[in-house]
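The values are calculated or read from the model by the stated rules, or taken from the named source; none is laboratory data. Computed from a predicted structure; not experimentally measured. FYI the Cβ positions are ideal-geometry reconstructions off the backbone, even for glycines, and counts take in every protein chain you see. When the accessible area is computed, the model is the full protein with side chains, heavy atoms only, and any ligands, DNA or RNA have been set aside. Shrake-Rupley method; radii C 1.70, N 1.55, O 1.52, S 1.80 Å.
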Amino acid sequence: MRKLKKRVKFIIGIIALCICAASYFNTETTVTDNGDFEYLQDGLRVHFVDVGQADCTLIEMPDGTTMLIDAGNNDDGDDVVSYLKMCGIEKVDILIGTHPHEDHIGGLDDVINSFEIGAVYMPKVQSNTKTFRDVLNSVKQNDLTVKTAKSGVNIISDEEFNVKFVAPVSDRYEELNNYSAVVHLKYKNKAFLFTGDAEILSENEITGDISADVLKIGHHGSSTSTGKEFFNRVNPDYVFIPCGAENDYGHPHKETLKLLNSAGVKVYRADTDGTVIFETDGENLRVVE
Ligand SMILES: [Zn+2]
């Protein structure tokens, strides 16, 4: 029953987005709340896809390149594939599995088997699960290889557009979460930080500029992530929390919400807001309503 409800909710979400997208793409210029937002031909769109208590982010870049960071649980695979198809995507140029937990890489095999894939990045760590083996098998069957996601690796670097890994910094961790690939994306004057499930230990190893307008919060809003010092360095205006309604972990934790609240950031959550899409021309940033 819960599953059915979830599916119905997802379908309603897709219909709403289709209507939204249809009206949207017909207009070349859109006016925002502040009245001066010009879109859309060379804009960047970041979709935080609602996969409940899991993680999935689709990024459509100004030059048409696409990137997918995680693909939800095994059960979300079909929905993620449908969402990408609904967005008109035929090729995923950059596919990132942040770390080998099911709620992040579960749907990756479905994505790999359904789209042309450019490059696949994952951190250098193994997991003895069927989910992990399924991902590696789909990589192999599609004649792909896995590139290592680690701090210092640039994914895209040009004058106006930069995407790079800022974590993991170390080679070994006790917690699988800390192997999470953390991605910093900058387009002109706007930046995003996608943190997987990286915990405070990993956050504190990250060096360099990680300031971002939008933060995909670590580990579903758990208190084991988003340390104060790290959060202050990111200094976001917006935060997205990928958490499922009434999830078993009590995510997001009250300590995290308190931190966000005291900083006065605008918080979006998968359990209350569903899929949330940000768009920016590199100067202005807004949420597609
Ligand atoms: Zn997770």
Worksheet item: What strands (runs of 3 or more DSSP E) completely inside the stretch 49-154 contain at least 3 residues that are under 21 Å from Tyr187 (Cβ atoms) and in contact (Cβ under 8 Å) with a residue 12 or more places away in the chain?
Response: 57-60, 66-69, 91-96, 116-122
Worksheet item: If we scan the stretch 133-140, do we find a residue that is open to solvent by 20 Å² or more (accessible area, probe 1.4 Å) and under 17 Å from the mean Cα position of the chain (by Cα)?
Response: no
Worksheet, complete the sentence: Per the list (1) modelled with pLDDT under 60; (2) open to solvent by less than 20 Å² (accessible area, probe 1.4 Å), residue check on Glu38 breaks on (2)
Discussion item. Can you tell me which residue is nearest to the ligand (Cβ to nearest atom) among those in the stretch 155-208 that are free of Cβ contacts under 8 Å to residues at least 24 places away in the same chain, open to solvent by 50 Å² or more (accessible area, probe 1.4 Å) and assigned to a strand (DSSP E or B)?
Written reply: Lys164
Item to complete: Just name the residue that is farthest from the chain's Cα centre (by Cα) out of those in the stretch 104-118 that are open to solvent by less than 10 Å² (accessible area, probe 1.4 Å) and more than 16 Å from the ligand (Cβ to nearest atom).
Response: Ile112
Discussion item. Just to be sure I understand the filter: pairs with C-beta atoms under 7 Å, separated by 6 or more residues or on different chains, first member in the stretch 278-289 and within 10 Å of Pro62 (Cα to Cα), second member assigned to a strand (DSSP E or B). Which pairs pass?
Written reply: Thr280/Leu44; Thr280/Tyr187; Thr280/Lys190; Gly282/Tyr187; Gly282/Lys190
Item to complete: Name, by its number, the condition in (1) within 16 Å of the ligand (Cβ to nearest atom); (2) farther than 20 Å from Lys150 by Cα; (3) outside any helix (DSSP H, G or I) that does not hold for Ser225.
Response: (2)
Discussion item. Please determine whether any residue of the stretch 272-289 is within 22 Å of His104 (Cα to Cα), at pLDDT 95 or above and among the acidic types (Asp, Glu).
Written reply: yes
